[in-house]
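The values are calculated or read from the model by the stated rules, or taken from the named source; none is laboratory data. Just so it is clear, the structure is predicted and the values come from calculations on it, not from any experiment. In this analysis, Cβ positions are derived from the backbone assuming ideal geometry, glycine residues included, and neighbour counts consider all displayed protein chains. Ligands, DNA and RNA are excluded from the accessible area calculation, which covers all protein heavy atoms including side chains. Shrake-Rupley method; radii C 1.70, N 1.55, O 1.52, S 1.80 Å.
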Amino acid sequence: MKIPFNKPFIIGNELQYIQDAVVSGKISGDGIFTKRCQALLEEKYGFLKVLLTTSCTDALEMAAILCDIKPGDEVIIPSYTFVSTANAFVLRGAKIVFVDSCEDNPNVDPQKIEAAITQNTKVIVPVHYAGVACDMESIMSLAHKHNLYVVEDAAQAIDSYFTFSDGSKKALGSIGHFGAFSFHETKNIIAGEGGILTINNPSFIERAEIIREKGTNRSAFFRNEIDKYGWVDIGSSFLPSELISAFLLAQLENIEKIQRKRKEIWERYYSGLKDLEREGCFLLPKLPNYATNNAHMFYILCQSLSERGELIEHLKTNGIHSVFHYLSLHKSPFFENKHERNELTMADQYSDILIRLPLFYELKMEEIDKIIRCLKDFYS
Ligand SMILES: *Cc1c(COP(=O)(O)O)cnc(C)c1O
C-alpha cells in the first residue's frame, strides 16, 4: 500500500451542506454559509472581522491593496516562503526585501527584519511556517516603532497561538493589522481552494468589503445601508461561492476533532524519531516557548542536500511519498535578475535540507510506524 503525502478528506456534513446550498437557491457568495463560517472563526479565535476569500493568495492581495502599496514601497518578507506571500505585493508595484530565517527554525529572524528597515519600508509580512508562531512581540514592536503595517501570512497557522511576555495569548492572524489563512486541500482545514482575510483594525473593514466585491459597495447595499450600489474603489472577485463555504463550514464544525487527530500523528512521529535525533541522524522541529503546535506539518532537517535526496528516494522505493519544500525566493528566476543578490544562508539551508513527511487526517497509526521504520532502516 502506497502512502501519499496528502489526502483530502470529509469529516461531517460537507456534502449535506452543499446540497442544502443548492436547494436553497443561492450558490453565489456571501450567503448564509459564508456568514456562518465567518462568525464561527471570529467567535472562536477573537478575530475582529473575518472575510472569506477564494484563497490565501487572494487574502494577501486584498491586504496589499488595503495597505495602499504604491510603486517604490518596500515590503519585508522571508525568503523561505511560498510565492504568493511576495506576489501579492509585487502586483501592487512594491519592492520586495527578502530577509533570512532563524537558526533554529524556518521562521523569519526579527533582528534581520530590523536591519532591513529603511525610509521606504511600509509592511512586514511574517510567515508562521508549519503553523509555528514567529516572534510576534518583537515584530509588532518594530512595526510600532517604525510605523509599519504587519500582514501575517497565517496560511498554515489555523488554531495556533502566540504567548506574549505578560502571559497573554492571542491566536495567530489576530495580532498584525491583517492575517491571511488558507483552506487549500493541503492545509489542516480544507475546502479545496479557499481562505480568509482577518482584519484586526475596524478602520479597514468597510474598504475590505468593497475590494472583495469588485470595487462596489454591494455588501452595504444588501444590508440596506445604502439605496443603490456602484463602483467606488478598485477591487476584484475575491468572494468564494456558497458551495465552498458550505464544505468549509462542515470542516470548521469539526476543528477540535481534526486538530486532536493531527496532533496525535505529530506526537507519534516525534516520539518515534527522537532516538534517531539523539544519535545525530537529523534534527526534529523545535518549538519556541512562545508558540503552540497546530500539527500542520511534520518535517525533519537532514545533514545535506544529497542525503535528503537519497532519503526521499529510499522512502519512495518503499511506497512513501515525502517532499521537500520552498526554494529560497531571493534565488528564484523571477527575482534574481532584477535585484542585487544578498546572502541568506539559513533560507538556503532550509531549502536544501528540510523534508516533509506525510501528514493528513486519515493517516493511520500503522502507516506512521511504517514510515518511522523506514527512516530507521535508512540510517542504520
Ligand atoms: C498555502 C500557502 C499559501 C497559499 O495559499 P492558497 O490558499 O493556496 O492561496 C500562502 N502562503 C503560505 C505560507 C502557504 O503555505
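When residues in the stretch 281-303 are screened for being open to solvent by less than 40 Å² (accessible area, probe 1.4 Å) and assigned to a loop (DSSP other than H, G, I, E, B), 12 of them pass.
Out of Thr81, Thr57, report the one residue that is at pLDDT 95 or above, surrounded by fewer than 24 Cβ atoms within 10 Å (Cβ to Cβ) and in the same structural domain as Gly176 (by TED's automatic domain parsing).
Thr57
Filtering the stretch 302-335 to residues that are under 24 Å from Pro4 (Cα atoms), of a type in the set (Gly, Ala, Ser) and touching a residue at least 60 places away in the same chain (Cβ under 8 Å) leaves Gly319, Ser322. Flag: Leu276 matches the condition of being open to solvent by less than 30 Å² (accessible area, probe 1.4 Å), more than 30 Å from Lys70 (Cβ to Cβ) and not in a loop (DSSP other than H, G, I, E, B).
Would you point out the residue of the stretch 320-377, among those that are small (Gly, Ala, Ser) and part of a loop (DSSP other than H, G, I, E, B), that is most open to solvent (accessible area, probe 1.4 Å)? Before the answer, list the steps.
At the first step, the residues of the stretch 320-377 found to be small (Gly, Ala, Ser) are 322, 328, 332, 347, 351.
Keeping just the survivors that are part of a loop (DSSP other than H, G, I, E, B) gives 322, 328, 332.
Working: Ser322: 6, Ser328: 8, Ser332: 28 Å².
It comes out as Ser332.
Suppose the filter is open to solvent by 50 Å² or more (accessible area, probe 1.4 Å), under 29 Å from Tyr350 (Cα atoms) and either more than 15 Å from the ligand (Cβ to nearest atom) or modelled with pLDDT under 95 (or both); does Arg92 pass it?
Working: open to solvent by 50 Å² or more (accessible area, probe 1.4 Å): yes; under 29 Å from Tyr350 (Cα atoms): yes; either more than 15 Å from the ligand (Cβ to nearest atom) or modelled with pLDDT under 95 (or both): yes.
Yes.
Only one of the numbered conditions (1) out of contact with any Ser or Thr (no Cβ under 8 Å at 6 or more places or on another chain); (2) farther than 30 Å from Asp166 by Cα is not met by Leu344, and that is (1).
Being more than 12 Å from the ligand (Cβ to nearest atom) and farther than 30 Å from Phe334 by Cα holds for only one residue in Leu48, Leu66, and it is Leu48. For the stretch 11-22, the criterion of being under 22 Å from the mean Cα position of the chain (by Cα) and of a type outside the set (Gly, Ala, Ser) is met by at least one residue. For the stretch 257-277, the criterion of a residue being under 19 Å from Pro358 (Cβ atoms), in contact (Cβ under 8 Å) with a residue 12 or more places away in the chain, outside the structural domain of Glu137 (by TED's automatic domain parsing) and of a type in the set (Gly, Ala, Ser) is satisfied by at least one position.
Look at (1) more than 15 Å from the chain's Cα centre (by Cα); (2) under 27 Å from Asp352 (Cβ atoms) and you find that Asp166 fails only one, number (2).
The lone criterion from (1) within 23 Å of Lys370 (Cβ to Cβ); (2) of a type in the set (A, V, I, L, M); (3) in a loop (DSSP other than H, G, I, E, B) left unmet by Ile258 is number (3).
Within the stretch 108-115, is there a residue that is part of a loop (DSSP other than H, G, I, E, B), open to solvent by less than 10 Å² (accessible area, probe 1.4 Å) and in contact (Cβ under 8 Å) with a residue 60 or more places away in the chain?
Here is the first cut: in the stretch 108-115, the ones part of a loop (DSSP other than H, G, I, E, B) are 109.
Now drop any that are not open to solvent by less than 10 Å² (accessible area, probe 1.4 Å), which leaves none.
Checking the stretch 108-115: not a single residue is part of a loop (DSSP other than H, G, I, E, B), open to solvent by less than 10 Å² (accessible area, probe 1.4 Å) and in contact (Cβ under 8 Å) with a residue 60 or more places away in the chain.
Count of the stretch 15-47 residues, restricted to those that are surrounded by 18 or more Cβ atoms within 10 Å (Cβ to Cβ) and either in the same structural domain as Glu366 (by TED's automatic domain parsing) or among the hydroxyl-bearing types (Ser, Thr, Tyr) (or both), is 3.
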